[in-house]
Structures are given as C-alpha cells and as structure tokens.
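Trainee: Okay, here's the structure, questions in a sec.
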C-alpha cells in the first residue's frame, strides 16, 4: 500500500489544508500518517483522524529569547525522532505544510531518501520552508509572484481548499448565534491563536459596532470574555465543524491576512477587510499577502497602526456600498482550489 506522511504545525494554517487533501488521498488508497509536536495545535486538530506521531521541535524565533540557545538541541533531537519514525513507516513521500516542526521531519526524510513536497501559502517563503528547501524535491506555491523567491524547485499550484467550506448553511450559522436574518452579519477572525489587537478593538467599541452589525467573533484559544452580554455579539475561541455555517452567515469579514484564510474568503467571495500583522510582530508576509489582494480588488486593507474605530467604520461603509464590485472581482478571479494541483505534485514525487 502507498504511504504518505503529512506534517505541519504551530498554527491552524499549517494544518487545515491537509484536510482538503485527506478525502482524495484516502480515495486513492494511501495509508496516511501525521508527524507533529507533543503539544501543538496540530495534535488537537488532527485528533484521532490519523495515526499521530509527536516529535521534539524547537521554535525558529526572529527575536532574542533564552530559548534560542536550547531550541537548536530540540531540533536536533527532533531529527532523530523523525528519522526513527520514518525509517519504521517507510512512506513513498512526505508532504509538509510548514511550521517549525517540519524542519526536522524534512531533514530526516532527506537522509532516508524519501522525497519531500513542501507547500508555501504566503507570497514569500517562511523561515521553516527556506530551511527545508535544500532537502526537498518540490515547493508548491500559492502566488505566481513567489517564483522569484525560489530557485528551481517552485511550482505554482494554489492552495488546497476544504470542500466543506462551500457547503455551509446561512440559516444554520445564524441560528447557532441566535441572530436575525434582517441585519448584516460581520465575522471577525483573528487566526487560530487569536489577535489581541482585533479582540481589543472590537470589544472596546462593541456598542457602536452592534448598532450596525451582528458580530461573530473568533477570538482565539483562552480569549473568551465571559463578562460581555450583548445579544448581537457571539464569541467563540475557534470554529471547526461550525465554520462553514458561520462563513455562510457572514455578509462581511474582518480578518488577519494569513494566506489560507484569505484564499478561502476569495473562494467564497466574501467582501473583507484585512488587518495584516505588522513587521514588528512578523516577517511581513501578511502585509505582502494583503497588498496583493488589494491590488486584485478582492480586499480592503487597514494597517495595524491605522486601526481605529473611525477608520474601521469608514472602510466597512465603503465595503458595503461597493459590495457587488468586490464580489464580482473575486468570482471572476483565476484563483481556484489548488487541491488537484498539489495532489499531482505529490503523486509525481512519490514515483
């Protein structure tokens, strides 16, 4: 039987695209395994869907931290952990979605002669993928502009989109939040770990915002505020099974600019405002993602330093007034579901 090992973690964006591939891989008869960390979000998301193998991994930080001195040893241990697992499983291919756990897996696979296919969602490759690229057979890219950042191993595939996201029920989503169908609904997404800035901005101005919108707020793990009582505000730490219905219920979306999330918004043609992570908090990949989507007419963008309730209401009004223009641009775009393209690269590497 053909075997494949999936890996990726740290955030949901490094895990959920695997779920778009799973039904196709299973239908084709692949035996599927997953390597992640002991306590990362990937372990809870994968759950009991797949055999799961935890390894040691060190975070790749761009700032000073005492753990920077110990984590290289965790990465080295992770290589040995992954080597032991892969030598036992002997898969035909490894598919890596990124995140710090993938570096030791990629190195271990290379040492065993197992081909690795990487996938990069953002416009510029992340640190984990840059470190892994010399040991990989192919790097799947989401943006055509990304080819200039990759030497020889890049292929533009798009990003895998989970089919269930397009099958949500607006009525079910509104019912879940006990909302009315007679008022516009705003979905706020801060990523799987949440956004302190978005959470603060929404909650400090909740009375003003709920005069105009019903708000569904995905605030991140551990960020629920039990003191808020507002019938036009519904908060969740994270949405999984209910996400398709919540997206269907949303008329407008405010989101960070992680590539997986924003490509899903385009696939669903949801008018949106992107608030990318600043360069002080990231490598700037979300800023580039957001700029690309703004140029293509898919999104409005507010930089972190410009995020005020006044600016937010102004952009929401513009988005509402020009809703048809944004929807038409997204529906007419050439950005589609990259699932089949990625599967093709995986099959070729496995040969």
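Trainee: Residue 146 fails exactly one of the following numbered conditions: (1) surrounded by 24 or more Cβ atoms within 10 Å (Cβ to Cβ); (2) at pLDDT below 90. What is the number of that condition?
Mentor: (1)
Trainee: What tally of residues in region 281-304 results from selecting those that are part of a helix (DSSP H, G or I) and without any contact (Cβ under 8 Å) to a residue 60 or more places away in the chain?
Mentor: 6
Trainee: Another question, then. Answer yes or no as to whether residue 258 is buried (at least 20 other Cβ atoms within 10 Å of the Cβ) and either under 17 Å from the mean Cα position of the chain (by Cα) or over 25 Å from residue 290 (Cα atoms) (or both).
Mentor: The answer is yes for residue 258.
Trainee: Taking only region 269-304 into account, find how many residues are within 18 Å of residue 322 (Cβ to Cβ) and touching a strand residue (DSSP E or B) at 6+ places or on another chain (Cβ under 9 Å).
Mentor: Qualifying residue count, region 269-304: 13.
Trainee: Answer with yes or no whether residue 254 is touching a strand residue (DSSP E or B) at 6+ places or on another chain (Cβ under 7 Å), farther than 26 Å from residue 44 by Cα and in a strand (DSSP E or B).
Mentor: When the stated conditions are applied, residue 254 does not pass them.
Trainee: Could you list, in sequence order, the residues of region 269-287 that are surrounded by fewer than 19 Cβ atoms within 10 Å (Cβ to Cβ) and farther than 15 Å from residue 193 by Cα? Quick ask: steps written out before the conclusion?
Mentor: To start, the set of residues in region 269-287 that are surrounded by fewer than 19 Cβ atoms within 10 Å (Cβ to Cβ) comprises 269, 278-284.
269, 278, 279, 280, 283, 284, listed by residue number.
Trainee: Counting only residues that are outside any helix (DSSP H, G or I) and under 18 Å from the mean Cα position of the chain (by Cα), which one in region 324-351 is farthest from residue 273 (Cα to Cα)?
Mentor: The residue in question is 338.
Trainee: For region 54-76, indicate whether the set of residues that are at pLDDT 90 or above, part of a strand (DSSP E or B) and touching a helix residue (DSSP H, G or I) at 6+ places or on another chain (Cβ under 8 Å) is non-empty. Lay out the reasoning, then the answer.
Mentor: Start the filter on region 54-76 by keeping residues that are at pLDDT 90 or above, which leaves 54-56, 76.
Among the residues that remain, those that are also part of a strand (DSSP E or B) are: 54-55.
Keeping just the survivors that are touching a helix residue (DSSP H, G or I) at 6+ places or on another chain (Cβ under 8 Å) gives 54-55.
For region 54-76, residues at pLDDT 90 or above, part of a strand (DSSP E or B) and touching a helix residue (DSSP H, G or I) at 6+ places or on another chain (Cβ under 8 Å): present.
Trainee: Among the residues of region 321-330, is there at least one that is at pLDDT 95 or above and touching a strand residue (DSSP E or B) at 6+ places or on another chain (Cβ under 6 Å)?
Mentor: no
Trainee: While we're on this one: Just checking, how many residues over region 182-207 are in contact with a helix residue (DSSP H, G or I) (Cβ under 6 Å, 6 or more places away or on another chain) and farther than 18 Å from residue 237 by Cβ?
Mentor: Of the residues in region 182-207, 2 are in contact with a helix residue (DSSP H, G or I) (Cβ under 6 Å, 6 or more places away or on another chain) and farther than 18 Å from residue 237 by Cβ.
Trainee: Also, I was wondering about something else. I'd like the full set of residues that are over 17 Å from residue 51 (Cβ atoms) and part of a loop (DSSP other than H, G, I, E, B), limited to region 77-113.
Mentor: 97, 98, 99, 100, 112, 113
Trainee: Just a yes or no: is a residue in region 130-139 within 22 Å of residue 337 (Cβ to Cβ) and either more than 24 Å from the chain's Cα centre (by Cα) or free of Cβ contacts under 8 Å to residues at least 40 places away in the same chain (or both)?
Mentor: yes
The values are calculated or read from the model by the stated rules, or taken from the named source; none is laboratory data. What you are looking at is a predicted structure, and each value in this text was computed from that prediction instead of being measured. Cβ sites come from the backbone with ideal geometry, for glycine too, and all protein chains shown count toward neighbours.
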